[in-house]
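Values quoted throughout were computed directly from the atomic coordinates according to the rules given, and no laboratory measurement underlies them. Just so it is clear, the model here is predicted, and its values are computed rather than measured. Because the Cβ atoms are built from the backbone with ideal geometry, glycine has one as well, and the counts that use them run over all protein chains shown.
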Amino acid sequence: MAMIHRVFTIGHSAAQIDTFLGVLEQREIGLLIDVRSRPQSYRFPHFDQVELEQTLSTTGIRYLFLGEELGGRPEDPKAYGSDGIVDYCKWRKSYAVQAGIERVVERCGQDDVVLMCAEEDPLNCHRAS
């Protein structure tokens, strides 16, 4: 019988790293999937890709970057409307997004996962699109 795993979302916002890790550990997250298009934070360097990946490894939480597939600021110009804003209805039908979703689904067969972006409120984030 296949085990069912959960998918959560989280925005790191201005969280302290210990608080952030505590939330992940409380939910028994096995894999953090970073869906930021640009995985750096100048204001909160503990959320830079390299530093975050190293910190997570000390807790046993694995890291996977899928910002190219699932990030909120795609590089593909076709993802943008004439107003310069991402058309998420159109973008989520793209090959890149579909491939990213397939990778998330594949990983859900192994662990509880969390999709992480910078925006604290998922209703104001591309994670809600």
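Data table
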{"quantity": "Charge dipole (the chain, unit charges on Cβ, about Cα centre) - positive-most of 94, 45, 29", "calculated": "94"}
{"quantity": "Counted charge near residue 102, where neighbours are those whose Cβ lies closer than 15 Å (Asp, Glu -1; Lys, Arg +1)", "calculated": "+1"}
{"quantity": "Neighbour net charge for residue 48 - beta-carbon separation under 14 angstrom, K R +1, D E -1", "calculated": "0"}
{"quantity": "Order of 41, 94 under a 10 Å beta carbon neighbour criterion, fewest first", "calculated": "94, 41"}
{"quantity": "Cα shape, the chain, gyration tensor, a/c 1.5 rule", "calculated": "oblate"}
{"quantity": "Extension reserve of the residue 46-residue 87 stretch, reckoned as 0.36 nm per residue once the Cα distance is removed", "calculated": "11.7 nm"}
{"quantity": "Test item: Cα-centred dipole of region 1-117, Lys/Arg +1 and Asp/Glu -1 on Cβ, debye", "calculated": "320 debye"}
{"quantity": "Proximal charge balance of residue 27 [Cβ under 9 Å; K/R count +1, D/E count -1]", "calculated": "-2"}
{"quantity": "Between region 70-88 and region 91-105, the Cα center-to-center distance that results, in Å", "calculated": "15 Å"}
